[in-house]
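Here's the structure, in structure tokens; my notes come after.
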Amino acid sequence: MGRDETGLKKQTAYDRIKQMIMNNELPAGMPLVERTLSSELNVSRTPIREALRKLSNEGMVEIKEGKGVYVAELHFEDVIEIFELRESLECLATRLCVQRRTEAVVNRLTEYLNDQEKAYENEAHGEFMHIDMLMHNYIAESSKNKRLAAMISSIYDQVARMAISVQDDPVIRDIAIAEHRKLIKAIREGMADEAEAVMCCHIASVKQYHIDKYYLL
């Protein structure tokens, strides 16, 4: 087997396992058995092992000495830390997005909002949350600050896992669609202070929702 083919198998194993975790096909706390994954993905155990090691470094899986490998669970402390980062980073990204926006950026965000409106009306929950992630990532990219966008991107795998876990809850969808309408309007009209305030309020609202959810468990 050539080096390129070996590398492709490693990447394929990594991508597939990560996607299965993100889609909740492999739920939090589930044990990951190399032999089983090898059979399901039709690759040898070596690419699986290396994929799990990489996912461990990213916090997606947890390697427990003497016990095996498990899909990492998001604990209450993790949720709070992630939202504290979002409140700081995404509010700044929103302000910069407004200041540096182009017509193309405004058009793309408007398209995202329109698509999310349709998903909301059709109760297409998975599509709704997928568009939500695309919109937030695009705002970060449109800040035109590569380091800031990279920092936001680095936590968005965990954000996406939280979104998947609550996609069937109408409360979180109602919060998102109402505040996204205000947000895109402020960005479109060039109101940096307003857009930043809406984003901060939006993230704080979702953060409080998750806090209340944990307390009720």
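Data overview
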item: Residues that are of a type in the set (A, V, I, L, M) and part of a helix (DSSP H, G or I), drawn from the stretch 192-217; result: Ala192, Ala195, Ala197, Val198, Met199, Ile203, Ala204, Val206, Ile211, Leu216
item: Selection count where residues are over 14 Å from the mean Cα position of the chain (by Cα), open to solvent by less than 20 Å² (accessible area, probe 1.4 Å) and more than 12 Å from Arg101 (Cα to Cα), scope the stretch 139-153; result: 1
item: Pairs, first open to solvent by less than 20 Å² (accessible area, probe 1.4 Å) in the stretch 86-104, second in a helix (DSSP H, G or I) and acidic (Asp, Glu), C-beta under 6 Å, six or more apart; result: Cys91/Glu196; Thr94/Glu196
item: Inter-residue pairs, beta-carbon under 6 Å, first farther than 30 Å from Ala204 by Cα and without any contact (Cβ under 8 Å) to a residue 12 or more places away in the chain and in the stretch 63-82, second surrounded by 13 or more Cβ atoms within 10 Å (Cβ to Cβ) and among the hydroxyl-bearing types (Ser, Thr, Tyr), 6+ apart; result: Ile63/Ser56
item: Test for Lys10: is it farther than 30 Å from Cys200 by Cβ and either in contact with a Phe, Trp or Tyr (Cβ under 7 Å, 6 or more places away or on another chain) or polar (S, T, N, Q) (or both); result: no
item: Filter pass, Val198 being within 20 Å of Glu87 (Cβ to Cβ), within 18 Å of the chain's Cα centre (by Cα) and of a type in the set (Val, Ile, Thr); result: no
item: The stretch 63-85 - residue that is touching a strand residue (DSSP E or B) at 6+ places or on another chain (Cβ under 9 Å) and buried (at least 18 other Cβ atoms within 10 Å of the Cβ) and, of those, nearest to Ser154 (Cα to Cα); result: Ala72
item: Odd one out for Ala104 among (1) under 30 Å from Asp174 (Cα atoms); (2) under 22 Å from the mean Cα position of the chain (by Cα); result: (2)
item: Residues being under 14 Å from Ile131 (Cα atoms) and touching a Leu at 6+ places or on another chain (Cβ under 8 Å) - total across the stretch 162-183; result: 2
item: Qualifying residue in the stretch 15-34 (condition: in a strand (DSSP E or B), at pLDDT 90 or above and among the small types (Gly, Ala, Ser)); result: no
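Residues checked against (1) open to solvent by less than 50 Å² (accessible area, probe 1.4 Å); (2) modelled with pLDDT of 95 or more:
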site: Tyr156; (1), (2): yes, no
site: Ser165; (1), (2): no, no
site: Pro170; (1), (2): no, no
site: Ala176; (1), (2): yes, no
site: Lys182; (1), (2): no, yes
site: Arg188; (1), (2): no, yes
site: Glu196; (1), (2): yes, yes
site: Lys207; (1), (2): yes, no
site: Tyr214; (1), (2): no, no
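The values are calculated or read from the model by the stated rules, or taken from the named source; none is laboratory data. Being a predicted model, the structure only gives us computed values, none of them experimental. All Cβ positions, glycine included, derive from the backbone under ideal geometry; neighbour counts span all protein chains shown. The area values use the complete protein model at the heavy-atom level, side chains included, leaving out ligands, DNA and RNA. Shrake-Rupley method; radii C 1.70, N 1.55, O 1.52, S 1.80 Å.
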